[in-house]
1. Which one is surrounded by the fewest Cβ atoms within 10 Å (Cβ to Cβ), of the residues in segment 109-150 that are farther than 20 Å from Pro67 by Cα and of a type in the set (A, V, I, L, M, F, W, C)?
2. Taking into account only those residues within segment 171-210 that are assigned to a helix (DSSP H, G or I) and of a type outside the set (S, T, N, Q), which is farthest from Ile71 (Cα to Cα)?
3. Filter segment 162-173 down to the residues that are within 22 Å of Val198 (Cβ to Cβ) and in contact (Cβ under 8 Å) with a residue 60 or more places away in the chain and list them by number.
4. Return yes or no: is Ala173 within 23 Å of Pro94 (Cα to Cα) and exposed (fewer than 12 other Cβ atoms within 10 Å of the Cβ)?
5. Regarding Ser62, is this residue closer than 29 Å to Thr134 by Cα, exposed (fewer than 10 other Cβ atoms within 10 Å of the Cβ), out of contact with any strand residue (DSSP E or B) (no Cβ under 7 Å at 6 or more places or on another chain) and at pLDDT below 85?
6. Which one of these is of a type outside the set (Lys, Arg) and touching a residue at least 60 places away in the same chain (Cβ under 8 Å): Pro183, Pro123, Pro129?
7. Looking at segment 84-113, I want the residues that are within 25 Å of Gly137 (Cβ to Cβ) and touching a residue at least 40 places away in the same chain (Cβ under 8 Å) and have a partner that is part of a strand (DSSP E or B) and of a type in the set (Asp, Glu) with Cβ atoms under 7 Å, at least 6 apart or on another chain. Which pairs are those?
8. Sort out which residues of segment 71-96 are modelled with pLDDT of 95 or more and hydrophobic (A, V, I, L, M, F, W, C), and write them in order of number.
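The values are calculated or read from the model by the stated rules, or taken from the named source; none is laboratory data. Quick caveat: nothing in here was measured; it's all calculated off a predicted structure. Using ideal geometry, Cβ is built from the backbone for each residue, glycine included, and neighbour counts are taken over all protein chains shown.
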Amino acid sequence: MVELLVSLMLASLLLVLVGTTFVQLVKTTATVTVARESGGSASTVATELSKVIRSASTNTVSGVAVPDPAIVSGTDNALVLYSYIDTGSVTPKPTMVQFTIVAGQIVEKRWATTSVASPWVFPALTATPTNTVTYPGIHVPDGVTPLFAYLDATDTPVAPGVGLTAAQRPLIASIRISVRIRPATPTTAKPTAIVNVVGMPNVAIKRVTP
């Protein structure tokens with residue numbers, strides 16, 4: 001009888017140990033999955049932002065000697081610019097690209113030019129975009145760092161206020177992007193943060209820090 005009781009106790013302890021190990025394994029796997037998901041989403045967003053900004057360029061205007069700045073409009077959390085992203089090599093054409101935050105997600109919209117040659121003309125931002133992409137994950141601001149920070153040739157921040165002014169837009173030589181992405185669920189997941197300063201070599205502004 002004593003041996004049976006000992007065997008039952010050992011079996012119970014073994015079951016508890018196995019159950020605890022399994023639960024811990026599930027929790028660890030879930031944590032790793034969430035971290036991988038947020039890291040992948042943050043990397044995707046940061047890469048796309050960097051590509052579009054790096055390909056930004058001024059836009060020639062018919063009858064005007066000075067071209068429009070590459071940046072059409074810019075605030076802390078929204079950006080519109082002309083960019084030679086994903087264009088052909090034979091007849092390169094710029095695209096007007098907008099980044100905004102909608103319900104916590106970063107949304108990219110693109111408008112193709114309506115011209116067949118320079119000077120390039122674009123529809124209004126109220127027009128239906130050529131393409132729209134809503135990136136996975138939720139952008140979680142830290143309350144201090146904006147998604148976009150605008151820097152001049154000396155890397156001095158240019159405060160956009162309610163939006164970059166006509167005098168400020170031609171001064172922007174680079175943009176610092178700060179993304180903090182977490183999965184849609186769980187809401188308590190720790191966001192993955194990526195910060196990168198992206199130059200705009202096509203705007204013909206010589207930066208002190210290349």
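1. In the first step, residues of segment 109-150 are kept if they are farther than 20 Å from Pro67 by Cα; the result is 109-110, 126-149.
Then drop every residue that is not of a type in the set (A, V, I, L, M, F, W, C), which leaves 127, 133, 138, 140, 144, 147-149.
Numbers: Ala127: 10, Val133: 12, Ile138: 21, Val140: 18, Val144: 6, Leu147: 23, Phe148: 20, Ala149: 19.
In this case the residue turns out to be Val144.
2. Here the answer is Pro201.
3. Once the filter is applied, which keeps residues that are within 22 Å of Val198 (Cβ to Cβ) and in contact (Cβ under 8 Å) with a residue 60 or more places away in the chain, segment 162-173 yields Gly163, Leu164, Arg169, Pro170, Ile172.
4. Here the answer is no, as Ala173 does not meet what is asked.
5. Details: closer than 29 Å to Thr134 by Cα: no; exposed (fewer than 10 other Cβ atoms within 10 Å of the Cβ): yes; out of contact with any strand residue (DSSP E or B) (no Cβ under 7 Å at 6 or more places or on another chain): yes; at pLDDT below 85: yes.
Here the answer is no, as Ser62 does not meet what is asked.
6. Pro183
7. Close Cβ pairs (under 7 Å, with a partner that is part of a strand (DSSP E or B) and of a type in the set (Asp, Glu)) amount to Val97/Glu108; Phe99/Glu108.
8. If the condition is that a residue be modelled with pLDDT of 95 or more and hydrophobic (A, V, I, L, M, F, W, C), then Ile71, Val72, Ala78, Leu79, Val80, Leu81, Ile85, Met96 are the ones that fit.
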